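A.B. asks: Have a look at this one.
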Amino acid sequence: MTRTPLLTIDDLTAGTLVHTPAASGEWWRDAVIYQVYPRSFADGNGDGIGDLPGVTAKLDHLKQLGVDAVWLSPFYRSPQKDAGYDVADYRDIDPLFGTLADFDEMLAGAHERDLKIIVDLVPNHSSDQHVWFQEALAAAPGSAARERYMFRDGRGPAGDEPPNNWQSIFGGPAWTRLTPRSDDGPLGPQWYLHLFDTSQPDLNWENPEVRAELEDVLRFWLDRGVDGFRVDVAHGMIKAPGLPDWDGRAAMVEGTVDGPAANAAEPDDGSTGAGNQGPMFDQDGVHEIYRSWHGVLAEYPGDRCLVAEAWVEPLSRLARYVRPDEMHQAFNFSFLTAPWDAAKMRTVVDVSLGTMDAVGAPTTWVLSNHDVVRHASRFGLAEIGGRQLNGIAATDPQPDAELGLRRARAATLLMLGLPGSAYLYQGEELGLPDHTALPAEVRQDPSFFRTDGAEPGRDGCRVPLPWVGGAPGNGFGPTGKTWLPQPGVYADLAADRQYGVAGSTYEMYRTALELRRAEKIGTAGLAWVDALAASPDVVSFQVSGVVVVSNLGEAALTLPAEAEVLVASGDLTTSDGVRAVPSDTTVWLRA
Ligand code: NOJ
Ligand code: CA
């Protein structure tokens, strides 16, 4: 293997500061937040579906891992047409997941361990089983009940064409027509808007009653003691006046890795181009809602926070969601969609820090969640653009598992070395890949059905976690049942096979999180290592007393003899007594 010339300690310690240390402040500014997807985390009662008692039972796993907070995807009462992102009652727990008492017990258990709890709020749409939508169906056009949603007459003389040409993010039209009734007007039954599934009607955020209701929901959970909210589709609640036609297709993830910046007027900032610039997204009116919510949270003691799920680019548009009187954090999907390329990684890190610093918000980092192919699989694909970001089918080219895990571990160590707040998705600490060959019969994601299978959907990243390798269901619950089948490799990757095992992915995460805390990396400044700042292969920066070196190239990178290795994502190589960082490996050094 070729090697690059020997780096010296002086090389590693000369740097250019691009992000100044944050004054210590609220807990969320540098928190590592672990996403629990309740139905797939741990099953307490043996029905094959994860639940809140399952979460409570595993709090020690999270504490030992070393995270600061837990964000739980929805557990509210729901017909589960979109895995709980279709809420029928915002103030109750679905029996599938337990009861309000189970929630309180989970929250108390987390707080006893000094773990914060963030819950998911889904304000853009409710379930069609929500009492409001049922009332709207029973009420007449133009009634107050219909005004809570986006009902419109159809186009054409008979009203039988949809009110506009918008497409649902899950595929198919974004409008559904009601069944005919005797009191329909001359244009026949009305249509309702659903940016997602037909079972997820969009709420009308121009209606003060809707605003008041959702603020009351915030208070309900704040009164119970939650530390924050992750806000679903935070860029979608306000639609452009007149609901104009738009020929684009709204996407949760566009995945155009090298595409042009979405808004040509903005400078190229390393964004992927998944800008979602249609009339249903990123309208100025959403910001007023967040200013109001900011005020609600500020009435409560402790530092409660709002996290925006907004697929908005470029980053300068995203930064508007985290201005000082709005939300506190926004997911950095530009980082998540960045390709495994040193120059592009540096650009996205640089621009993310600069853009968020300008509004005084922490930068966040994320590599996986319940909507995208896990990074251990994504980085094993020859190409990570296109729809493969959402899911992989058995008929698609399959990821190279070894390469994927190697790069995923390197990417994780790069990410955990960055200042700001980082999000982890359950199971990534075990190096889990997606299930990339799920049979059609077990798939549940509505996007699979609404595209007639053209999109495999997101089930592959939602497979139940393996806790005990080789046990029935790999220890997911007491009966071995799992709502989706686990791939064979999950036995070897189970938590119990990694605890205490040197070099395991779990131990790498634990060590990195411990160091991150001890070195106060989350609130540190960041300087690019000058000697490597233009390298086509290496990303390297100084943060606190640590130098992070990620080798994304082919050639091994030699290290100075004096450098102390604190943690590495893979084994270093040694030849002629000189240590080197091989391809697709990250190390944290003390220089
Ligand atoms: C974003 C959520 O993360 C996703 O899982 C869901 O399907 C949509 N929003 C609709 O609520
Ligand atoms: Ca269960």
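Since every read-out is calculated from the coordinates, none of them should be taken as a lab result. Treat the numbers as computed from the prediction; the structure is a model and nothing was measured. Note: ideal-geometry Cβ built from the backbone for every residue, glycine included; neighbour counts use all protein chains shown.
A.B. asks: Counting only DSSP beta bridges with both residues in the chain, what percent are antiparallel, rounded to the nearest 5?
C.D. replies: DSSP beta bridges in the chain are roughly 60 percent antiparallel.
A.B. asks: Could I ask something else about it? Given a Förster distance of 35 angstrom, what is the FRET efficiency for ARG517 paired with GLN398, based on the Cβ-Cβ distance and rounded to 0.05?
C.D. replies: Computed FRET efficiency for ARG517 and GLN398 comes out at 0.40.
A.B. asks: For a 21 Å ceiling on Cα separation, which of these pairs sit above it: LYS116/LYS520; LYS81/LYS116; LYS81/LYS239; LYS58/LYS520?
C.D. replies: LYS81/LYS116; LYS81/LYS239; LYS58/LYS520
A.B. asks: Also, I was wondering about something else. Quick check on the chain: helices-only [θ] at 222 nm, where DSSP H runs of length 4 and up contribute -39,500 (n - 2.57) each and the sum goes over total residues. Nearest 500, please.
C.D. replies: Value at 222 nm, helices only: -6500 deg cm²/dmol.
A.B. asks: Between ALA502 and ASP284, how many nm apart are label points set 7 Å from Cα along the C-beta direction?
C.D. replies: Taking the two extended label points, one gets 6.1 nm.
A.B. asks: So, one more: Of all trypsin sites (Lys or Arg not before Pro) in segment 489-591, which ones are in loop regions per DSSP and have a Cβ with at most 16 other Cβ atoms within 10 Å?
C.D. replies: Passing both the DSSP loop test and the Cβ count: LYS520.
A.B. asks: Between helix 505-518 and the chain, what is the angle of the helix's C-alpha long axis to the longest principal axis, kept within 0 to 90° and rounded to the nearest 10?
C.D. replies: 80
A.B. asks: Starting from the Cα of ASP247, step 7 Å along the direction of its Cβ; do the same at SER24; then give the gap between the two resulting points in nm.
C.D. replies: If labels sit at ASP247 and SER24, their model points lie 5.7 nm apart.
A.B. asks: Counting alpha carbon pairs within less than 8 Å and at least 6 residues apart, what relative contact order, in whole percent, applies to segment 437-534?
C.D. replies: 16 percent.
A.B. asks: Turning to a different aspect of this structure: Answer rounded, prolate or oblate for segment 128-202, using the Cα gyration tensor with square roots of eigenvalues a ≥ b ≥ c: rounded when a/c is under 1.5, else prolate when a/b is larger than b/c, else oblate.
C.D. replies: Taking the square roots of the gyration eigenvalues as a ≥ b ≥ c, segment 128-202 is oblate.
A.B. asks: Let me ask another. Note down the nm distance, to one decimal, between modelled labels 7 Å out along Cα→Cβ at TYR300 and at LEU572.
C.D. replies: The two pseudo-label positions are separated by 4.6 nm.
A.B. asks: Can you compute the FRET efficiency between ASN165 and ALA491 using 1/(1 + (r/R0)^6), with r the Cβ-Cβ distance and R0 = 45 Å? Round to the nearest 0.05.
C.D. replies: My answer for the efficiency is 0.40.
A.B. asks: Continuing with this model, one more query. Length gain on complete extension for the stretch ALA139 to ASP223, per 0.36 nm per residue less the alpha carbon to alpha carbon distance?
C.D. replies: Taking ALA139 through ASP223 to full extension adds about 26.9 nm, to one decimal.
A.B. asks: Multiply the residue gap between THR16 and VAL565 by 0.36 nm, knock off their C-alpha separation, and tell me the result in nm, one decimal place.
C.D. replies: 195.4 nm
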